[in-house]
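First up is the structure itself, then whatever we jot down about it.
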Amino acid sequence: MSQIDLTEFAPTLPRIEGDTRERLLEAGLRLFAAHGYDGVSTRQLARTAKVNIAAIGYHFGGKKELYHAVVRQQVTETSPIVGPIAAKVAAGMEIAGKNRQALAGIVTSFVAGLLGALTGDERMQIRAALIMREYAHPTDAFQIIFDGRIGPLHKTVTALVAAALDRPTDDARTIVRAHAVIGQILIFMLARVVLFARLDWKSYGSDELQMVRDEVTQSVLMSLNLPLAGE
């Protein structure tokens with residue numbers, strides 16, 4: 001994967017501060033997101049964190065262990081953001097049963113919540129760059145992301161798809177459709193540059209985000225054969 005330019009985030013990125021371990025984790029996030037694991041040297045990590053190069057081994061054991069720690073940190077930091085969204089879907093499904101209007105309401109809330117979480121924080125763009133590299137060229141750190149973040153969310157959405165389409169949750173088609181549903185939302189974070197270029201947008205303002213929410217919600221509802229608003 002080519003290098004990812006993070007200079008657009010420079011004005012919003014704070015200076016790297018904190019103790020040595022925190023500085024290395026922050027430097028690792030920025031450098032691994034921009035250049036990938038193989039494109040970052042321990043010397044770069046130490047220089048960016050403004051610490052002695054020996055600190056990497058002292059605090060983490062080596063570059064690989066630092067990389068894993070960076071990935072785990074992203075799972076931990078996004079838990080308060082994504083976790084409640086998935087929990088709300090699960091709780092809503094227990095009440096909704098097979099009520100299709102109620103299921104449509106859960107979908108609407110889910111789309112709005114996840115879109116807001118993914119597009120409302122510029123730091124998510126840096127995390128996205130890191131995760132995209134794991135999607136394209138998985139390392140053994142991918143399992144950390146899958147177990148801690150992707151897998152649980154994917155299973156929750158799969159259950160929602162199963163209820164909407166009256167399919168078993170372990171049906172391969174159900175899992176594929178759930179993947180498609182999540183993809184319809186993630187694309188607005190992972191590939192926002194394409195949409196911005198097409199529409200000459202500079203950012204997701206309130207009007208832009210409302211348009212995206214409306215269109216994605218309608219698209220997901222239609223893909224699950226659920227009633228649209230007002231039907």
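Under 22 Å from Thr76 (Cα atoms), among the hydrophobic types (A, V, I, L, M, F, W, C), surrounded by 13 or more Cβ atoms within 10 Å (Cβ to Cβ) and modelled with pLDDT of 80 or more - does that describe any residue in the stretch 36-54?
Kept after step one, since they are under 22 Å from Thr76 (Cα atoms), are these residues of the stretch 36-54: 36-37, 45, 49.
With among the hydrophobic types (A, V, I, L, M, F, W, C) added as a condition, the list becomes 45, 49.
Those still in the list that are surrounded by 13 or more Cβ atoms within 10 Å (Cβ to Cβ) too: 45, 49.
The next check asks that each one be modelled with pLDDT of 80 or more; those that pass are 45, 49.
Among the residues of the stretch 36-54, at least one is under 22 Å from Thr76 (Cα atoms), among the hydrophobic types (A, V, I, L, M, F, W, C), surrounded by 13 or more Cβ atoms within 10 Å (Cβ to Cβ) and modelled with pLDDT of 80 or more, which makes the answer yes.
Name every residue in the stretch 191-210 that is among the small types (Gly, Ala, Ser) and exposed (fewer than 11 other Cβ atoms within 10 Å of the Cβ), in order of residue number. Give the derivation first.
First, pick out the residues of the stretch 191-210 that are among the small types (Gly, Ala, Ser): 191, 197, 203, 205-206.
Residues satisfying the conditions are Ala197, Ser203, Gly205, Ser206.
Restricting attention to the stretch 184-227, which residues are closer than 22 Å to Arg173 by Cβ and among the hydroxyl-bearing types (Ser, Thr, Tyr)? Answer for the stretch 184-227, where residues must be closer than 22 Å to Arg173 by Cβ and among the hydroxyl-bearing types (Ser, Thr, Tyr): Ser219, Ser223. Restricting attention to the stretch 82-98, the residues being open to solvent by 50 Å² or more (accessible area, probe 1.4 Å) and either modelled with pLDDT of 95 or more or in a helix (DSSP H, G or I) (or both) number 6.
Restricted to the stretch 181-198, and to residues there that are of a type outside the set (Phe, Trp, Tyr) and more than 15 Å from the chain's Cα centre (by Cα), the residue that is modelled with the lowest pLDDT is Val193. Under the condition of being under 15 Å from Leu118 (Cβ atoms) and open to solvent by 50 Å² or more (accessible area, probe 1.4 Å), the residues counted in the stretch 211-231 number 1.
Quickly run through the stretch 211-229 and pick out the residues that are part of a helix (DSSP H, G or I) and under 27 Å from Ala163 (Cβ atoms). Steps first, please.
We begin by selecting, within the stretch 211-229, every residue part of a helix (DSSP H, G or I); these are 211-223.
If the condition is that a residue be part of a helix (DSSP H, G or I) and under 27 Å from Ala163 (Cβ atoms), then Val212, Arg213, Asp214, Glu215, Val216, Thr217, Gln218, Ser219, Val220, Leu221, Met222, Ser223 are the ones that fit.
Give the stretch 20-60 a look and list any residue that's aliphatic (A, V, I, L, M), over 23 Å from Gln125 (Cβ atoms), assigned to a helix (DSSP H, G or I) and touching a residue at least 24 places away in the same chain (Cβ under 8 Å), or say none. Answer for the stretch 20-60, where residues must be aliphatic (A, V, I, L, M), over 23 Å from Gln125 (Cβ atoms), assigned to a helix (DSSP H, G or I) and touching a residue at least 24 places away in the same chain (Cβ under 8 Å): Ala55, Ile56. Confirm whether Thr169 is of a type in the set (Ser, Thr, Tyr) and either farther than 23 Å from Ala91 by Cα or within 12 Å of the chain's Cα centre (by Cα) (or both). Against the criterion (of a type in the set (Ser, Thr, Tyr) and either farther than 23 Å from Ala91 by Cα or within 12 Å of the chain's Cα centre (by Cα) (or both)), Thr169 does not qualify.
The values are calculated or read from the model by the stated rules, or taken from the named source; none is laboratory data. As the structure is a computational prediction, the values presented were derived from the model and not from experiment. Positions of Cβ are backbone-derived with ideal geometry, glycine not excepted, and every protein chain shown enters the neighbour counts. Areas reflect the complete protein model, heavy atoms only, side chains present, ligands, DNA and RNA absent. Shrake-Rupley method; radii C 1.70, N 1.55, O 1.52, S 1.80 Å.
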